[in-house]
Amino acid sequence: DDDDDDDENREQQHATPIAGAISLALTYANRIERDPSLRGRVKSRVLVVQASEDDAEQYVPMMNAMFAAQSSNILIDCLCLNEKESSFLQQAAFVSGGIYAKPEKSKKGGEEETREDLLERALCSFLPDRYTRRFLRPPRAGSIDFRSSCFCHGNRISKGFVCSVCLSVFCEKEGSCQTCGAAFV
């Protein structure tokens, strides 16, 4: 039992609260944009660099952050350094009008991109503002995975059951919501 608790604690320590970081950045951007001395002169953007995998428990906070960025007209640019695609970051970039980039294996012997390649990608992709990007060819995410994650197992699902109270998504029909406790009829 103690070994199971240690494994669970280790997993929780490695989980990255990316949605909280984005929300904090959006709060700061909102404060700057509402400053009367800067009004109209500052257009905020958020750059997210993620090396960890998506955490299914971050789904709802991440969706909230995405839609907050969209309603505030703040771009979320994303650089995914993980081996797997990040559907959360793909969706965040898509919804907010930002750019999603993931370094690919180099054609030179299958090596990963070098630091110089990453710096060049970052400068060319993320530095230009919204206006300038219209004249450039930013990297485009291939296919974006819009499926949601079930709250019970964290798996990506195409069809599921949604709680009408808290909007939690489940892959299996249950008697009550595991998130808010509402009874399903």
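Nothing in this text is a laboratory measurement; each read-out follows from the coordinates by a stated rule. Please read these numbers as outputs of a predicted model, since none were measured by experiment. Using ideal geometry, Cβ is built from the backbone for each residue, glycine included, and neighbour counts are taken over all protein chains shown.
Remarks
- Filtered GluC sites (Glu not before Pro), region 13-91: DSSP coil and at most 12 other beta carbons within 10 Å: 83
- Restricting region 10-98 to trypsin sites (Lys or Arg not before Pro) that sit in a DSSP loop and have at most 14 other Cβ atoms within 10 Å of their own Cβ leaves 34, 39, 41, 43, 84.
- Long-range HN-HN contacts of residue 184 with modeled amide H, under 5 Å: 176, 177
- Distant-in-sequence amide contacts of residue 78, defined by a placed amide H-H separation under 5 Å and a gap of 5 or more residues or a different chain, comprise 48, 99, 100, 101.
- Inter-label distance for residue 64 and residue 51, nm, one decimal - labels placed 7 Å from Cα along Cα-to-Cβ: 2.8
- Taking 7 Å steps out from each Cα toward its Cβ at residue 116 and residue 146 produces label points 4.1 nm apart.
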